[in-house]
2 protein chains.
Amino acid sequence: MGHERTKMIETSSLSLTDQVFERLQAAIIEGDMPQGSKISEPELAKIYGVSRGTLREALSRLEERQLLVRSPHLGARVITLSLEELVDIYQVREALGGMACALAAQKMTDEEIVELRVLLNAHERSIEEDRGLSYYQQEGEFDFHYRILQGSRNSKVLRVLEGGMYQLIRMYRYQFSMASPRPYQALKEHRRIVDAIEERDAELADLLMRRHIQTARKSIEERHKKAMAHRGN
Amino acid sequence: MGHERTKMIETSSLSLTDQVFERLQAAIIEGDMPQGSKISEPELAKIYGVSRGTLREALSRLEERQLLVRSPHLGARVITLSLEELVDIYQVREALGGMACALAAQKMTDEEIVELRVLLNAHERSIEEDRGLSYYQQEGEFDFHYRILQGSRNSKVLRVLEGGMYQLIRMYRYQFSMASPRPYQALKEHRRIVDAIEERDAELADLLMRRHIQTARKSIEERHKKAMAHRGN
DNA sequence: TGTCGGAGAAGTGTCGACACATTTACCTTG
DNA sequence: CAAGGTAAATGTGTCGACACTTCTCCGACA
């Protein structure tokens, strides 16, 4: 009776569905569930220790995120990635990233810009030390872009890129081991972008960001053409 | 009504969840469920004649589409729209619409371009006859933009705009009765865009589409400022 | 030998029920 | 009469079960 019920504001307490959703999403992105593989609801439910109903709610959300495809009575399959789609994604990223960058140049606070520089310095160190290299390429890159999105003060572009496109790009990187092979060059481009933002030059910021993403996209297109040639299209 | 090429195989019957999802989505967009209103699962389930489990799957998808917000143990509420968000949406639409238009200028077939012209002629007639005026504004506009998206051959931009942004814009239009009050001007702009596409001038097509959307966005921003002034911010 | 078809197995679609959290209504108390 | 607490009612989170569909495998038949 006399329990002290210091009720903390435990925001966590995610529902089971949420937990399953996140774990499944990670499993798909990181390739633990192979592309195109069929998903057996009873089997997965047992693995995660939840009921099928709970699992199915998570599946519904994953389907809406385009991470898996479901057809009535046939079940769910993990999406299959193609380089064509990846190019599509980079085109979207280019247009939206450029826009976000222009907005960020107008709306970021001076403080945020300083923090951006600090972040880039940390990136430089981790490249030099050559140990966090893969980290930089895998997550640090997204960290930088994420802050730009935040700075744009546009909730929609954040949701589209962070909630949709970036996830898919991560998935490609994991599964095709396509880390960008030019960390120093990328860092230099990032610095120039921050310069433009600092000078509040929205047009230049847009241009630089587009060019930055374009570089990656073109390298993918190149790779794609080669792949097509190899398999004798 | 456009021709449906490569239409999917006659889907025998959508699952109950799918039906509920679509009906709910329409109800939210068209304002049958007021903004911010709380959703009672047992009540809704009874109305649609399905079990709560079925309903909850639909709710999960709606949540992922940002049409409603759910918090653990507190239930689901229809999203609340703000003009700030609408501006965000139009910014995204501007960047993506421009990009799609540039791509369409490169990739649309001559046939598709002719069909675009036919569509615009139909729009003109329905404006002149003054009977389908609201139809043109409400759906015809989206029809035009939808075909551009199709023509871009970019599956992602189609999904983002058609599956996310356009829905929200429709919702605003329904609930704030914000049909664009300049059908003739819009039609003229649409024609110029098609001209640019026909000439395969990607850069111009991009510019014209951006400007076209910008016009709408600025009128919204204007309206927003007025509203803010009125309520004495 | 190949293919056609029909049990049987496995899987998906949908439902109703129960445990626990939250809200509401009411009663006690200062 | 206001404030606070308690109990009923409502609502959400999660589960197991059943019907019907699709898949699998094997035997019958040409």
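Observations on the structure shown:
- Helix-only [θ]222 nm of chain A, DSSP H runs n ≥ 4, -39500 (n - 2.57) each, per residue, nearest 500: -21500 deg cm²/dmol
- At full extension, B:Ala229 and B:Leu81 could sit 51.4 nm farther apart than now, given 0.36 nm per residue minus the alpha carbon distance.
- Among the residues of B:51-61, the average count of other protein chain beta-carbon atoms within 10 Å of the residue beta-carbon is 4.
- At R0 = 56 Å, FRET efficiency that the Cβ-Cβ distance of B:Glu128 and A:Arg211 yields, to 0.05: 0.75
- By average C-beta atoms within 10 angstrom, highest first, the peptides B:50-60, B:69-79: B:50-60, B:69-79
- Working from Cα pairs under 8 Å separated by at least six residues, relative contact order for chain B is 26 percent.
- With 28 Å as the limit, the listed pairs A:Lys218/B:Lys188; B:Lys156/B:Lys226; B:Lys46/B:Lys156; A:Lys38/A:Lys218; A:Lys226/B:Lys107 have A:Lys218/B:Lys188; B:Lys156/B:Lys226; B:Lys46/B:Lys156; A:Lys38/A:Lys218 beyond it between alpha carbons.
- Simple point charges give the picture: +1 on the Cβ of Lys and Arg, -1 on the Cβ of Asp and Glu, and for the protein assembly as shown a dipole about the Cα centre of about 520 debye.
- With a Förster radius of 35 Å applied to the C-beta separation of A:Asp18 and B:Asp201, the computed FRET efficiency comes to 0.15.
- Cα gyration tensor shape for chain A, rounded if a/c is under 1.5, else prolate or oblate: oblate
- Ranking B:Val160, B:Met171, B:Ala186 by Cα position along the charge dipole of the range B:150-192, where only Lys, Arg, Asp and Glu carry charges on their C-beta atoms, puts B:Ala186 farthest toward the positive end.
- Among the residues of A:143-156, the average count of other protein chain beta-carbon atoms within 10 Å of the residue beta-carbon is 2.
- Total formal charge among the other residues, if their Cβ is under 9 angstrom from that of A:Ala104, Lys/Arg +1 and Asp/Glu -1: +2
- Degrees separating the helix B:166-176 axis from the principal Cα axis of chain B, which is the longest one: 70 degrees
- Listed residues B:Leu204, B:Ala102, B:Gln214: farthest to the positive end of the dipole of the range B:83-232 (Cβ charges): B:Gln214
- Each label point was placed 7 Å from the Cα along the Cα-to-Cβ direction; for A:Glu221 and B:Leu74 their separation is 4.7 nm.
The numbers here are math on the coordinates, done by the rules we state, and not lab data. From a predicted model like this one, the values you see are computed outputs, not experimental measurements. Cβ sites come from the backbone with ideal geometry, for glycine too, and all protein chains shown count toward neighbours.
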